[in-house]
Every structure is written in C-alpha cells, then in structure tokens.
1. Based on what the data block shows, is residue A:320 in a strand (DSSP E or B), touching a strand residue (DSSP E or B) at 6+ places or on another chain (Cβ under 8 Å), more than 18 Å from residue A:212 (Cβ to Cβ) and in contact (Cβ under 8 Å) with a residue 24 or more places away in the chain?
2. Which residue, of B:143, B:211, is part of a helix (DSSP H, G or I), under 26 Å from the mean Cα position of the chain (by Cα) and within 24 Å of residue A:126 (Cα to Cα)?
3. From the residues in segment A:35-53 that are surrounded by 24 or more Cβ atoms within 10 Å (Cβ to Cβ) and away from chain B (no Cβ under 11 Å), which one is modelled with the lowest pLDDT?
4. Taking segment B:25-74 as the search range and keeping residues that are in a loop (DSSP other than H, G, I, E, B) and at pLDDT below 60, which one is farthest from the chain's Cα centre (by Cα)?
5. Does segment A:135-145 hold any residues that are part of a loop (DSSP other than H, G, I, E, B), more than 14 Å from residue B:59 (Cα to Cα) and in contact with a strand residue (DSSP E or B) (Cβ under 7 Å, 6 or more places away or on another chain), and which are they?
6. Every residue in segment A:82-113 that is within 14 Å of chain B (Cβ to nearest Cβ), in a loop (DSSP other than H, G, I, E, B) and at pLDDT 90 or above, please.
7. Of everything in segment B:181-208, what is outside any helix (DSSP H, G or I) and either crowded, with 19+ Cβ neighbours inside 10 Å or under 21 Å from the mean Cα position of the chain (by Cα) (or both)? Give them in sequence order.
8. Answer yes or no as to whether residue B:359 is under 31 Å from the mean Cα position of the chain (by Cα) and modelled with pLDDT under 80.
C-alpha cells in the first residue's frame, strides 16, 4: 500500500477514434481530439463531475485532428493549437470554435507531433509552436507571424526524407534561449539550438522514436525522455555534453513488451514519468540521479553519468494502444488518457507526494 | 487462530483500508474540482484587453532559411534590370532619352522596401535594431516601476545592440540621474549628444547633472543650448532662471578667515545692546501669562479620574472653572502685516512699495490690484496711470463689486481734487465697462454717496462738456 496506485476514476466510451487529449489549464476540463468514421475531425470538451465526465462542448471540422497543445497560449485565453491529418496547423479559441484564430498549411503531410512553449506562465520569451510531419520537416511557428514559419528544420536537398514522428521544446530558461528536439522513424534524434540556429547534437537509437519530452521546458536542459518502438525507453542526462562519448549519457529500459507510444513527465515532479504502451498498459517510473552526475573521462573532459529508473507501478487499463495521455497541471496525480478502443479515461495516481 | 483465518482478517482489513483510501481520494478530487471551477470563472471574467495583449513579448525570431531564398530573388531582379538598362557609351541618342530622376526614384523605391536586403549584414543589422528597441521598451517599463538597476542593464544591452542610437544612452542617463550618480549621468549625456547634437532631452539631463555637480557655468551653457533647441519650452526657461538665481545668490558675503598672526591685536570692547523692537518684550509677557495659566490649571489626582471616556461633560466644567480664575494681562497684538486694523502704522511701512506700471490686460491689473490692495493711496496712484480708454479692455470680464466700490472711493477722494485727471472721461469709460449696470444695482450706501459727490462735481463743470454727453453720463449714474 505504500506504492503509488493508479486508479481509474471515470471512463467514457465514444463513437470516434481518439488521438489526443489535453487538460485545459486552470480547470477541471479536458479536450479530446480525434476523427469520426466519416473522416471529419472532432474536438470535444469534457468536464469532471462527481465520478463522471460530462460533455461540455463539441465541434466537427473538415479534417481529422492528430495532436494538440496548449503550450503556447496564455492562461486566460487558452488557445488550443492543433495539427491535423492534412498538415494544417490551427489555433482555436475554445470559447469560439467556429473559426480558428490562426491557420496555416504547415506541412504537405500529416502532422505527427506538436508542442508549444512560452505560454501558460511557464518560462519567458515568445510563444512558439513546433510541428513535426511525415514530410520529414520540423517547423517552428510564432502565432504572431502568419504563413511563414520562424524556423524550418529539414533534410538537405539530396538526402532521403524520413518521417518526423516526435518534436518537443526545451531549454527555454530565458527569453532568448530555446531548443527543439525531433525524433524520426529511423531512430534519429536531433537537437537544435534556436538561438544560434544550429544543430547541437544528434544520435540514433536504432528504433523509431515515438515520443520525446524534456522533463521541464523552462529550465536549462536536464533530462530528455525518448520512447521508441520495440519497447525501449531511453532517458538522457542533458547537463553534460561530451561528443567523444556520443553526446549525452543515457539509461535504457525495456518495458511494455510492445511499442512505447508515449512518455510524459509529471508536471509537479520532474523525476516521475508515465509511459504508455501499445498493449494498453501504463507504467509509472521514477528516475534517480547517480551520486555524481559528472565524471572525468580518459582525456580528462567532463562527461555525464546516467542515473537509474525504477518502476513504481503499472496497470493495464485497455487492450488497445494508448494514443494520448496528459497529466493535469493543477492537480497532482490526475491524468486523462485516450486509447484506440475509443474510450477516454480519467485516472488518479495516489501517493505521488511521498515519493 | 489458524494462519488461514489470520490471513483472511488481514485481507479484510486491507480491503477496508483500500476502500477508505479510495473514498478519501475521490472526495479530495471532488473538492478540488469545485475549487478549480471557481478559479476558472474568475479567470474567464477578466476583461478582454488583458487577454489580447501581445506587448512585452520579444520580437519574432529570425528566419534562417527563407532569408537565403530572398537573397536569391533579389539578385535575380538586379541582374535582369541591369541587362535591360545597360546602354552603350556611344549610343548618344539613348543617353539623351534617359530620365535620371526616374532612375533615382527607382533606386530609392528599392531601398525603402524593407523586406529586401542585398546582404546578410544589412538584414542582421535590422534584426539587431529591432532587438535594441525591444530592450529599450523593457528598460522603460523597469524605469516606470522604479527598478533602476534592471532598467540600466536593459539600456546597456540596447546600446550594445545598436550603438548609434542616441536615445539609449539618454535614457540610461535619466536612470543614473535618479540614482544620483551625476558623474556617470553626465558622461552618458555627453555620449548621447555626440550621437545626436540636437537631442534636447540630453542637454536638459546633462544640465541637471552638471548643476548637481556644482558645474554651474557649464550647466548654464547646456540650458542655453536647450533653449535654443526648444525656444517655446517653459521648462527650459524656468530651469535657466533657477540657475541664474542660484548663481546670483552665491554672491554672498562670506566670513573672513584670518590667520592668528594677521588678526588684530587690539583689546575687545564691550558694547551695550539696546532692544528697540517690541516683539521680545511682548514675547516675555506672553510667556508669563502662559506660566500663570499652567499654574492655575494644575491637575490633581481627583481631576485625572475625570479624564475617563464617560464623563466628558464634567471634565469640561472643571477646566472651565479653572480658566475663570486666571486673568490674563492685556497684550497689544503684534503688528500683523496682513490685517488692516491699524491703517496709520501700515501706511508708514508700505509707503516704499513700488507702484507698478499701467497694466496691459485684466490679469495684470488684478495682480497689481491685489498687491496694492491695502493701501488706498498707492492704489489711487496706480489707477491714475491707467488711461480711461483702457478701462473696457482691462475689465473684459466685467467689474467686480469690491473693485467698483474702491474705484468710486478713489474717484471721489483722490481724483476729485486732482486737476490733472479728466474725471469726465474716467466716468464715461467706466460706465461703458461690461456688467457695469448690474454691478451698479448692488452698490452700498457709501458708494452711492461717493457717486453723488462725483455727479455734483461733474455738474459744476458743465461748461466744459457738451450738454447731451453730460446728460447721458448723469443718466447712467442715476439710480
């Protein structure tokens, strides 16, 4: 009973495919994105109400939605940025869902991943959105600039394009610095510095990277979580870069016995994260730092020392892959998840404050 | 109990615990849900203006790749245009047909389109300028919030990004002035002036800095420069005046300091001091009276008990009793220059006041009138200076009743006996002043007597004036 428990609080079965879910900041509501069988996109807003979820708002749009984020919106306005199957990036005001407040044809193909930074009172600097698409490019957008992205990260002319499966922001500890990390289907992970517009680090984990996340966006890079195919979870220690030894130190774990679709850090504690697998299982992990994070290598240069991750709890709530998972930024342990069995589940993890 | 039973009991216990735990968990979640809903309501009630402000955000990030693309297009354009317009040097007819002005205009147009840059450096410079401006805005915000060190840092960064803009060192100088770091402020102002010799604010701030440093001459020069740049600025003029005053006041008599040897060897004499002034004598008397009062109103223990919140009435009675026992010596009041109770004394004192020149407008008149208000004679002298034709202009907004009474007094007392003044004219123009008729209705009996006197005097001079004019005047002053 001392271990954290993962308890199902409420679940609801829906009639369309769900791809992503996100909590609306400062509320007990969450938004669910997906697509109907007829090919149109669906946005639904649900609210927690005494053991059940109640539908508050819904709308149907032309194209199916793949992913969304609140990362670049202000707390008061709560604008949801979504990427759809057609490569369009839209920003919606949830109070007025008829028209998007920003719309651009970001990519030629489906947007696989989206992330936002600079909003929600986290970090300083301009609000920006990054999108990763199957057309191989990763683009950074500023909602104040129409049509043209602020930065484009794409392979050179003659090289083969690999699907970009994941993208995330990090290292945004002041208004100038920012980093974008992108993961590809061949296992490439590339880290770009947006201030100097250069490639900072790249590596290959041999399996397609499904999800990338820094433990915190608004601090100097600390840890990077990369989940891949073939049930691998990698955690990189991003504080010390030593290119002779492959850049950053990492620790790898095998779990889930299937593709690890998602890895999300707990907003209230950056050492705790949840990974979601293709078999519908959720694993709760904790990262422990080594006694010395930095060691001297053969040449006397500093190199990072990876820590260890320890499984705290696991639960199998579904039989289908879990496509979306989000921790609530307001309540410790509250989370919402969606899976391909067309259900949305609200779960509570207990005893997280005593880890 | 067998192990099995023990285990059963343990299991039951655990299940109960689980259940209670779950229950607590869910209740906690419920209460949280309520709280967060309230919070959300509050946030949503915020006015829209707060929601939609994009100010204070850093400028949009630089575009890396598209920049290069733009460079290519620009080059193409330039090449094609050059191909079109290259004229052979021997083709005189073509040269004759060239419209130089048009070509110049085209070049100017190309330059002004801000999205096209021929080189990377130009574009980078533009970016840096935008960043510098943003730093300046941040600095301004810090300055408003009185966070001067942060403001200075912002301005320093702005200067680094764009060293040719005079506004940034000027603003930094303002912060330094506020921090009383006058030397550094002066240096920054000098820098700003070097970048822009017509930057008025920099001169102003440097003037202030120099003033505080004691460099009065140089401060004066700065203010003069400021006046040259902004001749209409009242601020510049007042500052200059202040400075001049201070410089003048420094021409004081300073005590003489002599060395021991140089000092006079003569013995010191004792001189008797006679007090002529009444003040000190009165002051002593007042003091004596106060002492008497204090002696009589001595609080005994019994009285102190009265100073409770309930019996205020009784308190007052006791104090009144004690006051009656004290009889104060009559003291003559100090001659208060503001009160007009002793006309003779005051007359003697004020006879030296300068009488101002004739006023040009109503405001000047009012001011001068107030200045001389206590002394009728000087008022009369002042009024004499004003020509009668100017009365309507001076009293543009109409006469005031006390003005009118005083004027009538002046007329009847002083002007009557004065042969130089044409009383008729004075009266005529006075009557043509706005609102004269209305004021006329509010005259006191004294005023009416004065008017009677004046009328009688006028009638006696009937030979000098035309009959109908005289009649008109008398009509106007009739009641």
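The values are calculated or read from the model by the stated rules, or taken from the named source; none is laboratory data. As the structure is a prediction and not an experimental result, all values here were calculated from the model. Here the Cβ is made from the backbone with ideal geometry for all residues, glycine too, and neighbour counts use every protein chain on show.
1. It is false that residue A:320 is in a strand (DSSP E or B), touching a strand residue (DSSP E or B) at 6+ places or on another chain (Cβ under 8 Å), more than 18 Å from residue A:212 (Cβ to Cβ) and in contact (Cβ under 8 Å) with a residue 24 or more places away in the chain.
2. Matching residue, one of B:143, B:211: B:143.
3. In this case the residue turns out to be A:41.
4. Taking segment B:25-74 first, the residues in a loop (DSSP other than H, G, I, E, B) are B:45-47, B:52-64.
Filter again for at pLDDT below 60, leaving B:52-55, B:63-64.
Numbers: B:52: 35, B:53: 32, B:54: 33, B:55: 30, B:63: 48, B:64: 50 Å.
Per the criteria, the residue is B:64.
5. The answer is A:136, A:137.
6. Matches in segment A:82-113: A:101 only.
7. Scanning segment B:181-208 gives a single hit, B:199.
8. Values: under 31 Å from the mean Cα position of the chain (by Cα): yes; modelled with pLDDT under 80: yes.
Here the answer is yes, as residue B:359 does meet what is asked.
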